[in-house]
Each structure stands twice: as structure tokens, then as C-alpha cells.
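Input: a single structure, listed below in C-alpha cells.
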Amino acid sequence: MKGKRVLITGAAGFLGSHLCDRFMAEGAEVIAMDNLITGDLKNIEHLFADERFSFYHHDVSTFVHVPGHLDYIMHFASPASPIDYLKIPIQTLKVGSLGTHNLLGLAKAKGARILVASTSEVYGDPEEHPQSESYWGNVNPIGPRGVYDEAKRFQEAMTMAYHRFHGLETRIVRIFNTYGPRMRLNDGRVLPAFIGQALRGEDFTVFGDGSQTRSFCYVDDLVEGIYRLLMSDVVEPVNIGNPDEITIREFADEIIALTDAKTKISYEALPHDDPKKRRPDIAKAKALLDWKPKVHRSEGLRKTLDYFRQLDEEDLYKKEHKHFEKYIKR
Ligand code: UDP
């Protein structure tokens with residue numbers, strides 16, 4: 001990666017910031033971009049002193065200009081939790097669709113290879129289990145999650161069209177539930193929700209009866225899979241995730257045990273179109289990228305808890321990211 005220039009969008013977010021770290025460690029020059037609605041500069045401030053790192057405060061849903069050449073583009077800008085989709089639905093739709101279009105155009109202009117972050121949400125509430133890449137999905141286009149799911153499905157279609165029509169070098173990763181340090185504590189996703197509740201001494205909010213399943217991948221494993229995909233010649237989408245499936249009720253019990261929380265479980269309504277089960281089939285990633293996850297949940301959860309424990313009181317209790325507020329329609 002020495003001498004290579006990489007644009008990372010969503011760079012101040014959870015996954016984007018870990019990608020910045022990885023590409024910096026590989027010796028690349030990293031151009032980080034984020035509009036900071038859900039991202040936080042705290043996640044990348046340790047990189048600012050390095051002359052190989054630069055940051056642009058920009059919304060990629062509008063025209064993207066980057067001076068100089070680019071070798072790689074990693075498109076990771078997007079709200080990423082169901083609560084965010086409810087609060088900022090239009091931004092979610094725009095960054096997945098218009099943002100992707102702008103970055104594909106930029107990749108074409110620069111002759112860069114582009115990798116776009118897709119999602120297990122393209123499978124919707126799946127009728128096939130586990131989900132392999134050949135499954136077309138079961139998505140409600142007009143439900144509240146549709147703004148994310150359909151934008152990401154459009155993103156995949158647009159990316160394949162640029163590959164087929166313009167010969168662009170494209171990669172598509174379908175990311176399953178991922179966790180680790182730098183998740184936003186108040187983003188509403190299940191892991192930060194439970195850990196935040198444990199640290200504040202509140203009851204755990206389990207949605208529905210907690211029998212729905214998810215399969216959680218530690219962020220370091222995910223980043224390794226993404227890096228391998230970028231370096232491969234695989235154009236079709238590839239699932240990256242950990243197939244270790246667990247019910248949300250069991251997950252709550254694991255976090256209660258880990259944190260010694262003296263809290264109860266309060267059952268709340270299941271969100272609209274909440275998938276009943278989710279587990280990646282990772283045969284393709286194993287065969288084509290020689291990749292499989294290595295970090296067991298017990299180890300990953302411990303590292304994640306250590307991160308959340310060192311946050312200050314203000315982070316623990318704040319309701320929204322400071323840039324988020326002004327985008328929410330009341
Ligand atoms: N969930 C929950 N309590 C919470 C937040 C989420 O029980 O406080 C459930 C949610 O209904 C879903 C699962 O945990 O079934 C994972 O939700 P998350 O928002 O983390 O991600 P998703 O996989 O649904 O995109």
C-alpha cells in the first residue's frame with residue numbers, strides 16, 4: 001500500500017475509522033471524508049498528526065471532488081442503525097444511492113478500484129437460512145427500514161452497472177452485524193444499547209420476545225475480510241460476517257453475565273420488519289478470500305466493554321451526537 005492513495009467515506013464512523021487505521025498501518029495515504037452526522041472525529045483524531053492522513057468534512061450525497069489521483073475508494077458513509085433510519089430517512093436514502101453514484105463517477109474519473117459497503121439487510125426478513133449470496137431477499141420497500149435496504153440494493157445494482165458498462169473495478173461486501181470499539185453508544189443497536197443500559201444501571205430493552213437471532217462479528221475480523229476482498233478479483237457480492245448465531249434473549253444474558261449488571265429485562269414492541277433470523281453463509285468468503293472470523297464473542301465482547309467503560313459520563317448519558325440533532329424532524 002506504500003504510495004497508494006485511498007479515499008474512505010464515512011471515515012469518522014465505526015467501520016470507516018477502523019478502515020482508516022488499517023490502511024494507515026499498511027502504509028497508504030488516507031483521504032478521509034465524513035459529514036459527521038453520525039460519525040465522530042474522536043474516532044480518527046489520533047491520525048490527524050500523520051502527514052499521510054487528511055480529512056474532508058463533506059456530504060458525499062453531493063458532488064465529490066478530491067484533488068490528485070486515487071487508487072482505491074472505500075464507500076462506508078451511511079447511517080447504520082434502524083433508529084437512525086427512522087430519524088434521518090432521506091439522508092439514508094441519499095447517501096446509499098446518490099452518494100454511491102457520485103463515488104462511482106469519481107472512481108471512473110480517477111481510474112480507481114471501488115469497494116462499496118452493502119449489507120445483510122439486502123436479504124430483508126429472510127426466507128432462506130443461512131443467507132448465501134445467491135438469495136435475492138425478502139425486503140419491504142415501503143417499510144421504515146426500506147430506506148436503508150433499498151438504497152443498498154440500488155447501490156449494488158448501480159455498482160454492477162458501472163462494472164459492466166464502464167469496466168470499472170468494483171467490489172461489494174455484504175456486511176452482517178458487526179460490533180467493537182467506536183460504536184456509537186446511543187445509536188440504538190442492540191449491543192451498544194445493552195452495554196449502555198448495563199453501565200447506567202437501567203433495565204435491558206429486549207424487543208419482541210427476544211427469540212429473533214443475529215450473528216455478531218468482531219470488527220477486526222470484518223476489516224480483514226474487507227481488505228482481502230478489496231485485494232481480490234471478486235466482483236460479485238461477498239458476505240462477511242460471523243456465522244455464530246444467537247438469540248437476542250441469550251445475547252442479553254451474556255452481556256448481563258459479562259457486566260455483572262443487576263438489571264432486569266424489559267420487553268418492548270418488536271420494530272417493524274425486524275428480521276426473525278440472520279446468519280451469513282460464508283462459504284464464498286472462505287473459498288475465494290481464504291477468510292473466516294477468528295475472534296470469539298467472549299473475547300470480542302470483553303474488548304468492546306473495555307472501550308465503553310473508558311468513555312466519560314457525558315458520552316454515557318448523551319442522547320444524540322451533536323451534529324445529529326439538526327437533521328431530525330420533530
Ligand atoms: N434489539 C433489542 N433491544 C434493543 C435494540 C435492538 O432487542 O435495545 C433487537 C432488535 O429488535 C433486533 C436485534 O436486537 O432484533 C438487532 O438489532 P440491531 O438494531 O442491533 O440491528 P439489526 O440487525 O436489526 O439491523
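Observations on the structure shown:
- Each peptide in 8-19, 146-157, 192-203, 286-297 receives the mean, over its residues, of other Cβ atoms within 10 Å, and ordering these scores from highest gives 8-19, 146-157, 192-203, 286-297.
- Loop-resident trypsin sites (Lys or Arg not before Pro) (DSSP state other than H, G, I, E or B) in segment 1-103 with no more than 12 further Cβ atoms inside 10 Å of their Cβ: Lys2.
- Of Ile282, Pro192, His58, farthest towards positive along the dipole that unit charges on Lys, Arg, Asp, Glu beta carbons give the chain: His58
- Alpha-carbon Rg/Rh ratio, for segment 125-181, with Rh computed the Kirkwood way: 1.02
- For the chain, the longest principal axis of the alpha carbon atoms and the long axis of helix 219-231 meet at an angle near 20°.
- Approximating the spin labels as points 7 Å out from Cα along Cα→Cβ, the Thr205-to-Asn140 distance works out to 1.9 nm.
- All alpha carbon pair distances within segment 62-159 were sorted into 5 Å bins beginning at 0; the resulting P(r) in whole percents reads 2, 14, 23, 21, 17, 12, 7, 3, 1, 0.
- Approximating the spin labels as points 7 Å out from Cα along Cα→Cβ, the Leu270-to-His65 distance works out to 5.0 nm.
- When its C-alpha radius of gyration is set against 2.2 N^0.38 Å (N residues), segment 37-109 gives a value of 1.22.
- Here's how it looks for Gly124: its modeled amide H is under 5 Å from those of Asn138, which are all 5 or more places away or on a different chain.
- Under the Karplus curve 6.51 cos²θ - 1.76 cosθ + 1.60, θ = phi - 60°, whole-Hz ³J(HN,Hα) for segment 252-257, x wherever Gly or Pro sits: 4, 4, 4, 6, 4, 5
- Between amide H atoms placed 1.01 Å from N, distances below 5 Å from Phe55 occur with Ala32, all of them 5 or more places distant or on a separate chain.
- When all alpha carbon pairs of the chain are counted in 10 Å bins from zero, the resulting P(r) reads 6, 27, 38, 24, 6, 0 %.
- Largest mean-square fluctuation among Leu98, Leu230, Leu311, in a Gaussian network model of the chain whose springs join Cα atoms under 10 Å apart, belongs to Leu311.
- Cα long-axis angle, helix 190-200 against the chain (0 to 90 degrees, to the nearest 10): 50
- With the simple spin-label model, which puts each label point 7 Å out from Cα in the Cβ direction, the Ala287 to Ile246 separation comes to 3.0 nm.
- Extent of segment 193-330 along its three principal axes (Cα atoms, max minus min coordinate, largest first): 47, 35, 32 Å.
- Backbone phi angles across segment 146-155, fed through the Karplus curve with coefficients 6.51, -1.76 and 1.60 (θ = phi - 60°), yield HN-Hα couplings of x, 4, 7, 4, 6, 5, 6, 5, 4, 4 Hz in residue order; Gly and Pro are listed as x.
- Here the chain is assigned +1 on the Cβ of each Lys and Arg and -1 on the Cβ of each Asp and Glu. Its dipole about the Cα centre then comes out at about 560 debye.
- The order of the peptides 271-278, 258-265 by mean Cβ neighbours within 10 Å, most packed first, is 271-278, 258-265.
Just so you know, all these numbers are worked out from the coordinates, no wet-lab data involved. Everything numeric in this text was worked out from a predicted model, so none of it was measured. Cβ: placed from backbone, ideal geometry, glycine included. Neighbour counts: every protein chain shown.
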